[in-house]
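Below is one structure, written out as structure tokens; comments come after it.
Any read-out appearing in this document is the output of simple, stated calculations on the displayed coordinates, not a laboratory observation. Keep in mind it's a predicted model, so treat the numbers as computed, not measured. Note that each Cβ is placed from the backbone with ideal geometry, even for glycine, and that neighbours are counted across all protein chains shown.
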Amino acid sequence: MEIRAERLLLREFTESDLDALHAYHSDPRYGEFYVPEELTAEHTRKLLNLFLGWAEEDPRRGCQVAITLADELIGTCGVRKSVWDGTDAEFGIELNPEHWGQGYAEEAARAILGRGFTELGVAIMRGQSVSRNEGAARLVRKLGFVSIGMRKGPPWMQSRGWQVQDWELARAAWSG
């Protein structure tokens, strides 16, 4: 699977993406909203294996793709349905902090959301973020997501006074 956006190529992950994926997962700016266990090389390997496995599903419930700029891995985004014939899906995106603030996240998100709403038949996209992650909130609002509430997060979040922010975007409200 490849999705071309204006400046980006969204493509399937490969084994060779491990080092670049872990490099930005190790960046303290990226790690601000994660527990330390999620920033280890072992966790990055588990994620990559998960993404590679999802690409082999038939039929596919979704897609989790590498965001690349001039052949450089700069992030990942995806749309994942919990069941093959479901109409709700989870949206997620992350970007190497070296590329924040340049519009790449919005460009990649629009491309993958468009694929989810059209080819995967998704009616409702759902997402979540850490309540303190203002960058994530700005992005999803730009994309048309609306807040559907806050809920208690895991203990590490609670210890920082944060919650889980839930978001939703209906296909009918999607403007591409």
Over what distance in Å are the Cα centres of region 89-117 and region 135-174 separated? 15 Å
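If you put +1 on each Lys and Arg Cβ and -1 on each Asp and Glu Cβ, how big is the dipole of the chain around its Cα centre, in Debye rounded to 20? Intermediate values should be presented prior to the final figure.
Working: 21 positive and 27 negative charges, 168 e Å.
The calculated dipole for the chain is roughly 800 debye.
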Restricting the count to DSSP beta bridges whose residues both fall in region 82-176, what percent are antiparallel, rounded to a multiple of 5? 80 percent
Coarse-grained scattering of the chain at q = 0.13, 0.15, 0.16 Å⁻¹, given as base-10 log I(q)/I(0) from a Debye sum over alpha-carbon atoms: -0.64, -0.88, -1.02
Counting sequence-distant residues (5 or more places) and residues on other chains, those with an amide H built under 5 Å from that of ASN133 are none
For region 5-22 and region 30-44, what is the centre-to-centre distance using only Cα atoms, to the nearest Å? 19 Å
Nearest 500 deg cm²/dmol is fine: what mean residue ellipticity at 222 nm does the chain get from its DSSP H runs of n ≥ 4 alone, each adding -39,500 (n - 2.57), divided by its residue count? -9500 deg cm²/dmol
Taking H as built 1.01 Å from N, whose amide H comes closer than 5 Å to the amide H of GLY62, not counting residues under 5 places away? LYS81
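Please give the length that would be gained between ARG29 and SER175 if that part of the chain were fully extended, namely 0.36 nm times their separation in residues minus their C-alpha to C-alpha distance (nm, one decimal).
Working: separation 146, 0.36 × 146 = 52.56 nm, distance 3.08 nm.
Taking ARG29 through SER175 to full extension adds about 49.5 nm, to one decimal.
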For region 158-172, just list the computed ³J(HN,Hα) in residue order, Karplus coefficients 6.51, -1.76 and 1.60, θ = phi - 60°, integers in Hz, with x standing in for Gly and Pro. 4, 5, 9, x, 9, 10, 8, 9, 9, 10, 8, 9, 8, 3, 4
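What dipole magnitude, in Debye to the nearest 20, does region 14-76 give about its Cα centre under +1 on Lys/Arg Cβ and -1 on Asp/Glu Cβ? Provide the component values of the computation, followed by the final result.
Values: 5 positive and 13 negative charges, 38 e Å.
Charge dipole, region 14-76, about its Cα centre: 180 debye, nearest 20.
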State the antiparallel share, in %, of DSSP beta bridges confined to region 2-173, rounding to the nearest 5. 90 percent
